[in-house]
Amino acid sequence: MVCPKCQSDALTLIPAEVRLYRNTPRTLSHPPMTPSPDVQVCLDCGWSEFIIPVSWVSAWLKPLREAMMPERAA
């Protein structure tokens, strides 16, 4: 892979720690998620990007999707 900003191939992955909070009125009732993302960094220009596994994002958003879906009429 090459850097999208400077086209360099000097990219490295750095492990990171982040906390994700839901932006809802009941945020305090939902604990924060703490995925262990990797940060991809260009060593030449400093461009960076978080890489969070899809499984973490899906698990985090699932309760929100269910709450937003209207109930089906019987």
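The values are calculated or read from the model by the stated rules, or taken from the named source; none is laboratory data. Only a predicted model underlies this, so the values are computations on that prediction, with no experimental measurement involved. Methodologically, a virtual Cβ is constructed for each residue, glycine included, from the backbone with ideal geometry; neighbour enumeration extends over all protein chains shown.
Overview of values
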item	result
Of all residues in the range 7-33 being of a type in the set (S, T, N, Q), part of a loop (DSSP other than H, G, I, E, B) and at pLDDT below 70, the one that is nearest to W56 (Cα to Cα)	N23
Test result for W56, among the aromatic types (F, W, Y), within 10 Å of the chain's Cα centre (by Cα) and at pLDDT below 70	no
Contacts under 8 angstrom Cβ, first residue in the range 35-60 being surrounded by 12 or more Cβ atoms within 10 Å (Cβ to Cβ), partner of a type in the set (D, E, K, R) and assigned to a loop (DSSP other than H, G, I, E, B), 6 or more apart	C42/K5; C45/K5; W47/K5; W60/R22
